[in-house]
1. What is the list of residues in segment A:107-151 whose amide nitrogen lies under 19 Å from a point 7 angstrom out from the Cα of residue A:67, following Cα to Cβ?
2. Tell me the angle of helix A:202-224 to the major Cα principal axis of chain A, expressed in degrees between 0 and 90 and rounded to the nearest ten.
3. Once you keep just the Cα pairs under 8 angstrom separated by 6 or more residues, what percentage relative contact order results for segment A:4-137?
4. Once every DSSP H run of n ≥ 4 in chain A is given -39500 (n - 2.57) and the sum is divided by its residues, what mean residue ellipticity at 222 nm do you get, rounded to the nearest 500 deg cm²/dmol?
5. Please give the helix A:4-18 orientation as an angle from the longest Cα principal axis of chain A, in degrees from 0 to 90, rounded to the nearest 10.
6. Angle, helix A:179-188 long axis vs. longest principal axis of chain A, Cα atoms, 0 to 90°, nearest 10?
7. Report the extension gain between residue A:52 and residue A:152 in nm, rounded to one decimal, defined as 0.36 nm multiplied by the number of residues separating them, less their alpha carbon distance.
8. For segment A:215-264 and segment A:112-165, compute the distance between their C-alpha centroids and round to whole Å.
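Every read-out reported here was derived from the displayed coordinates using simple, explicitly stated rules and does not represent laboratory data. All values reported here derive from a predicted model rather than from experimental measurement. With ideal geometry, Cβ positions are generated from the backbone for all residues, glycine too; neighbour counts draw on all protein chains shown.
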DNA sequence: AGGTTGTCCTGGCAGC
DNA sequence: TGCTGCCAGGACAACC
């Protein structure tokens, strides 16, 4: 599932391909991908616009247009695709044989950008301004930004009584962390995911802040080498499993102490942690 | 206002 | 082996 590091790697790869280009034509093959906005609204508002900036906010990809903006969110399984031209797009998109699933495609003045999510959780939306997007408006601090300081983070922790795991998943506090990197950060910081945010000592809060920064930086490095290849519809980030210490490792030995990694459900999703190292 | 719950989808897999 | 049924997972609306 794409979280901040994966989305950041996608944005850095997309930027040289799309920034400065004009959107000639929009194809909405699966209107579910623009819900609740209508396909025609998305097409009409994007068509003819120039992409001024390719950026990321939390887990959103932003295409800032010369008028308004376009957001893409991958949720669990969304991805970007790249086609040489319209002919290649129409030959491959959603064909029964050798078909590539494509939900929305943007014909640029050079190349075609595709958005695909066969599970149809991912979304493509258009907005007059960033303030019009409910998802963007409420986003908290970006952990890769300068604003993400230890003291600011400590303040946020003190203001919440939720569990650390739920706190980290809350995009309105810190934006971009999902299930994987919340588990990894807590593992790195040696903190029990079930502890409540406002119970951390200052030194523990600093540890968690440092852990988040370092876990995300390491994952981003991994996501950039090799960088995403939008031309290969089967491409996915390689080697991430190797850097994970807790996520998805239930029953396997903790890399620090050897104790089996445990799993519990928190807020309806799985949390992985080491019962010995993380207190 | 902060916190919690239900909903949206479908691939993949457990269980028969 | 083949089929059915169940559920994870991120954002967000709707509730408490």
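1. The answer is A:107-109, A:125-133.
2. Value to nearest ten degrees: 40.
3. On the way: 274 pairs, mean separation 38.4, N = 134.
Over segment A:4-137, the number comes to 29 percent.
4. Working: 9 runs with 86 residues, N = 279.
-9000 deg cm²/dmol, from helical runs alone.
5. Helix A:4-18 sits at roughly 20 degrees to that axis.
6. The angle comes out at about 30 degrees.
7. Working: separation 100, 0.36 × 100 = 36.00 nm, distance 3.14 nm.
Working it through step by step, the gained length comes to 32.9 nm.
8. Segment A:215-264 and segment A:112-165 have Cα centres spaced 22 Å from each other.
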